[in-house]
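The values are calculated or read from the model by the stated rules, or taken from the named source; none is laboratory data. Note that the coordinates shown come from a computational prediction; the quantities given were computed from them, not determined experimentally. So basically every Cβ, Gly included, is an ideal-geometry build from the backbone, and we count neighbours across all protein chains shown. Protein only, heavy atoms only, side chains kept; ligands, DNA and RNA dropped before computing areas. Shrake-Rupley method; radii C 1.70, N 1.55, O 1.52, S 1.80 Å.
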Amino acid sequence: MQGLRILITGGAGFLGSHLCDRLVAQGADVLCLDNFFTGAKRNIRHLIDNHNFELIRHDIVQPMFLEVDQIYNLACPASPVHYQYNPVKTVKTNVMGAINMLGLAKRVKARILQASTSEIYGSPQEHPQTETYWGHVNPIGLRSCYDEGKRVAETLMMDYHRQNQVDIRLVRIFNTYGPRMAISDGRVVSNFVVQALRNEPITIYGDGSQTRSFCYVSDMIDAFIKMMNNEDFIGPVNLGNPTEFSIKQLAELVVESTQSKSQITYKPLPQDDPIQRRPDITLAKEKLNWEPQVELKEGLHKAVDYFREFIA
Ligand code: NAD
Ligand code: UDP
């Protein structure tokens, strides 16, 4: 990594800030770009004085001219609450942002990794999901700005690759959690942990039988770096933890690990909320020699320790 100039868009967000930490520690010259919509300076403040780290306030909807060797394109709000706040902007970030970053990669011959998502499978009718599944996505619903935006970003990646020989890497990230998720992020792990630590009701949407598979952040960062530095596999590849939990089970685990007095309360299930989701990670194991190491219980403890600091 020594001497490589690496651009991380969305670098002040949850995943981006952990990636900045890891790459700076490995001796890379890291450019962290963010518009601070859901990211925070707090996440990268400890890196500011490091001479291998540079922070740029910029929105990827606008073009950017830089000289870099690698680009991790992570910029995009990931929580349904935030990506639905301004859905038109979410589409622009995914589509115009991808065009701008791919244009940059093309111009400077950088390798570019796109943070795609399990959402491209929509509410899947195949279970678990393999990379060959084309998905089951509502094109006009409340989640479409994100799901379809990310699908077009994948299309753009493949077309820049075929048409302009851009060196791409495509990862489909399944639900990932850990320290530095924003307290108001709105995703399920941070919501439940914050509610439990405050002894407030834990809000299960629907009856809690819908499933997700939760990957701890350090495992995901390992996979990003392995994928970026793999010489001959462009993806797409599923990255996530294949152990599946219902949302009700997650709520119970959170109550247990926080020793909370919280009760569970049920709220309506949001539109198009996927009923089940679990990655098939056979391809990641084979091509990247990667699989998650951190179990949910252990990862939850680390997340709880982080959130405890904010909740006095
Ligand atoms: P996050 O919201 O914490 O981080 C996103 C970052 O992008 C924030 O710092 C935000 O300010 C920045 N950003 C948003 N729009 C931007 C724009 N137009 N220009 C510049 N910066 C912008 O979310 P995260 O969980 O860290 O997700 C990072 C990436 O990984 C996203 O692309 C997301 O879609 C993808 N992803 C994450 C998960 C997950 O479970 N964490 C799952 C699937 C995909
Ligand atoms: N969820 C919930 N309570 C919350 C937040 C989310 O029951 O306070 C549910 C949500 O309806 C979904 C699952 O938890 O079924 C995961 O939601 P999240 O927003 O974390 O991510 P998604 O996988 O839906 O993008």
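Here are some notes:
- Converting phi to 3J(HN,Hα) with the Karplus coefficients 6.51, -1.76 and 1.60 and the offset θ = phi - 60°, the range 73-88 yields 9, 10, 5, 3, x, 9, 7, x, 4, 7, 6, 8, 5, 9, x, 5 Hz in sequence order, with x at every glycine or proline.
- The 3J(HN,Hα) values that the Karplus relation (6.51, -1.76, 1.60; θ = phi - 60°) gives for the range 18-27 are, in residue order, 5, 5, 4, 3, 5, 6, 4, 4, 8, x Hz. Gly and Pro appear as x.
- Relative contact order %, the chain, counting alpha carbon pairs below 8 Å whose residues are six or more apart: 17 percent
- Local net charge near A303, Cβ-Cβ under 12 Å (Lys/Arg +1, Asp/Glu -1): +1
- If you run the Gaussian network model on the chain, springs between alpha carbon atoms under 10 Å, then out of V189, V217, V294 the most flexible one is V294.
- Of N238, S260, S218, farthest towards positive along the dipole that unit charges on Lys, Arg, Asp, Glu beta carbons give the range 179-312: S260
- Total formal charge among the other residues, if their Cβ is under 12 angstrom from that of V24, Lys/Arg +1 and Asp/Glu -1: -3
- Nearest-ten-degree value, helix 247-258 long axis tilted from longest Cα axis of the chain: 80 degrees
- Looking at the chain, the DSSP beta bridges with both ends there are about 10 percent antiparallel.
- The residues of the chain expose on average 44 square angstrom of accessible surface per residue, using a 1.4 Å probe on protein heavy atoms.
- Listed by chain and number, the lysines whose alpha-carbon sits under 27 Å from that of K106, ignoring those within fewer than 8 places in the same chain, are K89, K92, K150, K226, K287.
- Relative to the longest principal axis of the Cα atoms of the chain, helix 188-197 runs at roughly 50 degrees.
- Local electrostatic count, K41, Cβ distance below 15 Å [Lys/Arg +1, Asp/Glu -1]: 0
- Against the chain, whose longest principal axis is taken from its Cα atoms, helix 217-228 shows a tilt of about 20°.
- Mean Cα-pair separation over length for the range 143-204, i.e. relative contact order, pairs under 8 Å, 6 or more apart, %: 15 percent
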